[in-house]
Amino acid sequence: MKKTNILLFLLVIISISFYFFYSEGSLPVNKSSKVSKIFIIKQGEPLNLIVNNLASEGLIRNKIIFYLIVKKLGIERKIQAGDFRISENMSAQEVATNLTHGTIDIWLTLIEGMRKEEMAQIISKTLDIPEIEIVRTTNEGYIFPDTYLVPRTATSEIVLSIINKNFESKFDEKLHTQAKNKKLTEKQVLILASLVEREARQSSTREKVAGIILKRYLADWPLQIDATVQYVLGYQPNEKSWWKKELTEDDLKIDSPYNTYKNKGLPPEPIANPSLSSIKAVINANENTPYWYYLTDKNGIMHYAVTLEEHETNVQKYLQ
């Protein structure tokens with residue numbers, strides 16, 4: 001009996017202690033505060049990191065209690081990425097529910113190697129801006145791929161202004177000078193980088209592929225790049241893609257200034273929106289590379305050749 005009474009007494013003490021611990025941890029950090037902070041949640045951030053960041057910024061009293069509240073409310077998967085206006089006078093539950101809605105800004109991720117119609121689709125889905133507004137008011141190659149924090153109510157003008165400022169800060173004066181030393185204009189760099197982006201999807205191969213493309217361009221060889229023909233062909237309804245997978249002999253004969261099988265030199269404009277990695281690959285490319293040819297096998301591995309005979313051997317070996 002005594003042991004039972006002792007256990008009950010301990011349970012009561014523990015329950016009361018936990019109640020006060022939970023209650024205290026649920027309270028606002030500063031109930032009288034009238035100051036709010038902008039709290040940012042990045043895409044893909046796990047709950048434990050979000051909780052730690054809230055605590056370090058003094059927006060919650062107790063990390064354990066906040067975590068328990070989120071679990072209790074069942075909102076762990078409802079917490080959004082973006083930025084939120086949070087005040088020290090909010091209770092832990094108010095902070096938690098606030099993170100599930102009402103972001104001031106939201107994250108917009110634009111993927112490298114996409115053409116502007118694909119970029120417009122992403123912007124439209126994220127911000128409810130008509131795709132046609134983006135397509136009509138942008139130039140191919142200048143929609144810089146990156147992750148942006150943009151106002152939820154942003155217009156197409158605001159979004160494109162944010163993207164353009166980021167492009168100018170990344171493709172900076174130093175890179176422009178290096179391009180000029182290579183006797184390349186900004187437009188030429190972007191055209192070449194868009195070709196590299198579509199041809200060499202792995203960062204480890206971009207500079208070598210850029211060197212080969214640049215070498216062929218400077219030697220006045222036809223570049224013979226499939227992606228330029230894919231760009232001309234446009235959207236493929238059967239494949240639901242802007243990039244046709246298998247090109248035919250007739251495709252390669254299509255009459256267009258973008259067709260680098262029929263025309264020497266560069267296409268008139270970029271064929272996609274290249275990453276900073278591809279831009280740098282062009283600027284740092286070695287046009288004195290011994291290679292004239294490259295191909296990508298069915299496993300995505302690149303193979304290079306000095307002579308046409310070597311290239312044809314690679315074609316037979318890796319693509320037949």
*Single condition H303 does not satisfy, out of (1) in contact (Cβ under 8 Å) with a residue 60 or more places away in the chain; (2) outside any loop (DSSP other than H, G, I, E, B); (3) not small (G, A, S)*: (1)
*Which one of these does S194 not meet: (1) out of contact with any Pro (no Cβ under 8 Å at 6 or more places or on another chain); (2) part of a helix (DSSP H, G or I); (3) under 29 Å from V150 (Cβ atoms); (4) not β-branched (V, I, T)?*
(1)
_Top-ranked residue in the stretch 130-149 [being among the aliphatic types (A, V, I, L, M) and surrounded by 19 or more Cβ atoms within 10 Å (Cβ to Cβ); ranked as nearest to V196 (Cα to Cα)]_ = I143
*Test P270 against the stated conditions and say whether it is under 30 Å from I122 (Cβ atoms), assigned by TED's automatic domain parsing to the domain that holds K187, assigned to a loop (DSSP other than H, G, I, E, B) and not hydrophobic (A, V, I, L, M, F, W, C).*
yes
*Tell me which residues, restricted to the stretch 99-112, are over 22 Å from K165 (Cβ atoms) and crowded, with 19+ Cβ neighbours inside 10 Å.*
L99
_Counted residues, the stretch 48-74 - those being surrounded by fewer than 16 Cβ atoms within 10 Å (Cβ to Cβ), among the aliphatic types (A, V, I, L, M) and closer than 24 Å to T109 by Cβ_ = 1
*Hey, can you tell me all the residues within the stretch 141-181 that are of a type in the set (S, T, N, Q) and either in a helix (DSSP H, G or I) or touching a residue at least 40 places away in the same chain (Cβ under 8 Å) (or both)?*
T147, S156, S161, N164, N166, S169, T177, Q178, N181
*For the stretch 208-215, indicate whether the set of residues that are part of a loop (DSSP other than H, G, I, E, B) and either touching a helix residue (DSSP H, G or I) at 6+ places or on another chain (Cβ under 8 Å) or without any contact (Cβ under 8 Å) to a residue 40 or more places away in the chain (or both) is non-empty.*
no
*Output the residue which, of all residues in the stretch 60-74 that are among the aliphatic types (A, V, I, L, M) and touching a Ser or Thr at 6+ places or on another chain (Cβ under 8 Å), is farthest from N30 (Cα to Cα).*
L73
_Unmet requirement for L184, which otherwise passes all of (1) of a type outside the set (D, E, K, R); (2) surrounded by fewer than 18 Cβ atoms within 10 Å (Cβ to Cβ); (3) more than 30 Å from K31 (Cβ to Cβ); (4) over 23 Å from the mean Cα position of the chain (by Cα)_ = (2)
*Is it true that V232 is within 17 Å of P145 (Cβ to Cβ), of a type in the set (A, V, I, L, M), assigned to a helix (DSSP H, G or I) and more than 20 Å from the chain's Cα centre (by Cα)?*
no
*Going by the structure shown, is A92 buried (at least 19 other Cβ atoms within 10 Å of the Cβ) and touching a Leu at 6+ places or on another chain (Cβ under 8 Å)?*
yes
*Subset of the stretch 277-320 that is in contact with a Leu (Cβ under 9 Å, 6 or more places away or on another chain) and basic (K, R) - its residue that is surrounded by the most Cβ atoms within 10 Å (Cβ to Cβ)*: K280
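The values are calculated or read from the model by the stated rules, or taken from the named source; none is laboratory data. None of the values given here were measured: they were computed from a predicted structure. Note that each Cβ is placed from the backbone with ideal geometry, even for glycine, and that neighbours are counted across all protein chains shown.
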